[in-house]
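The block underneath contains the structure these notes are about, expressed in structure tokens.
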Ligand code: ADP
């Protein structure tokens, strides 16, 4: 039986710490940290995520506003909004909810966000700082995974890790974060021919392929630590991840549930990045001045 990694409880603790940080700032007479969210189109899942993010901000005493734009919005209109938010001294973080409609180049939009306000950590500047191992905003989901791994107390140094998926949002930054923690990382992706054999060598598997129940029992080395980034609804209406939970759980040492594992951590890390952006701005001392 694996030990369950309770992302919901760990995220709740982090949010409490962030809340008291905000309270201290307010008590010193400062304005609250503020996040601007941009939502283009009417994708229902995106709408739900944005509502979660707004609620989480308010719960810790942050300010938040959501700009809701129609799905026909042009790239140049969106660029203008980003510029306006970049120049607004009352905005600390800017988050553009993905996916964006087809007529918009998502990397151009993300790249337009001022790096200090890029609290999703997805822009070239922040991904570059991550590659170099320098301070900067880290993408929220992989950062949340690192915090979960920290709570297990397992030393990653010298361990074999397999990251399944190489998106800019999760897989690629995950590879770098694990590498900086001195793990030896294998990146499995859609063109990998021997995924199962490679995964089976890993002491830690991070599954972020977006494929329901991809990772079966014979992909997992006994006593491995398993982190599930996927979330899908199966035909029975049940939420499942990228791990075939029931088969892999008995042989793992630690495992994240779906839901209640990585998901709550992603939001907690977004809040954490927002507070970091705010503190960097009010102190005027931040990595973007240096690198
Ligand atoms: P996420 O947002 O979780 O990163 P994406 O859908 O953006 O998900 O990316 C999925 C990633 O998973 C891609 O990098 C792709 O190469 C990888 N992937 C997809 N299918 C498989 C598979 N069957 N085996 C291994 N990797 C896969």
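Since every read-out is calculated from the coordinates, none of them should be taken as a lab result. Bear in mind the structure is a predicted one, so any value in this text is a computation, not a measurement. Every residue, glycine among them, receives a Cβ derived from its backbone with ideal geometry; neighbour counts consider all protein chains shown.
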- Task: Return 269, 1, 146 ranked ascending by Cβ neighbour count within 10 Å, so the fewest neighbours appear first.
- Result: 1, 146, 269
- Query: Could you give the angle, 0 to 90 degrees to the nearest 10, between helix 140-152's Cα long axis and the longest principal axis of the Cα atoms of the chain?
  - Reply: 50 degrees
- Note on the structure: Restricted to region 113-242, the DSSP antiparallel beta bridge percent, nearest 5, is 15 percent
- Message: Based on alpha-carbon centroids, what's the gap between region 53-129 and region 150-183 in Å, whole number please?
- Response: 26 Å
- Crossing angle, helix 262-283 versus the chain [Cα axis fit, 0-90 degrees, rounded to tens]: 40 degrees
- Note on the structure: Going fewest to most other Cβ atoms within 10 Å around each Cβ, 52, 245 line up as 52, 245
- Return the FRET efficiency for the residue pair residue 246, residue 194: r is the Cβ-Cβ distance, R0 is 22 Å, and the value is rounded to the nearest 0.05. 0.35
- Query: When DSSP beta bridges are limited to those with both residues in the chain, what percentage is antiparallel, rounded to the nearest 5?
  - Reply: 5 percent
- Task: Could you list 104, 282, 255 in order of exposure, starting from the residue whose Cβ has the fewest other Cβ atoms within 10 Å?
- Result: 282, 104, 255
- Message: Cut-off 10 angstrom, C-alpha nodes, Gaussian network model of the chain. Which of 212, 44, 32 fluctuates the most?
- Response: 44
- Message: Tell me the Rg and the Dmax, in Å, that the Cα atoms of the chain produce.
- Response: 19.1, 58
- Computed [θ] at 222 nm, deg cm²/dmol, the chain (DSSP H ≥ 4; -39,500 (n - 2.57); rounded to nearest 500): -13000 deg cm²/dmol
- Note on the structure: So the angle from the long Cα axis of helix 44-59 to the longest Cα principal axis of the chain, reported in degrees to the nearest 10, equals 70 degrees
- Query: Which shape class, rounded, prolate or oblate, goes with region 140-263 when its Cα gyration tensor gives a ≥ b ≥ c as root eigenvalues, a/c under 1.5 marks rounded, and past that a/b bigger than b/c marks prolate?
  - Reply: rounded
- Three-way shape call for region 29-114 based on the alpha-carbon gyration tensor, with the a/c threshold at 1.5: oblate
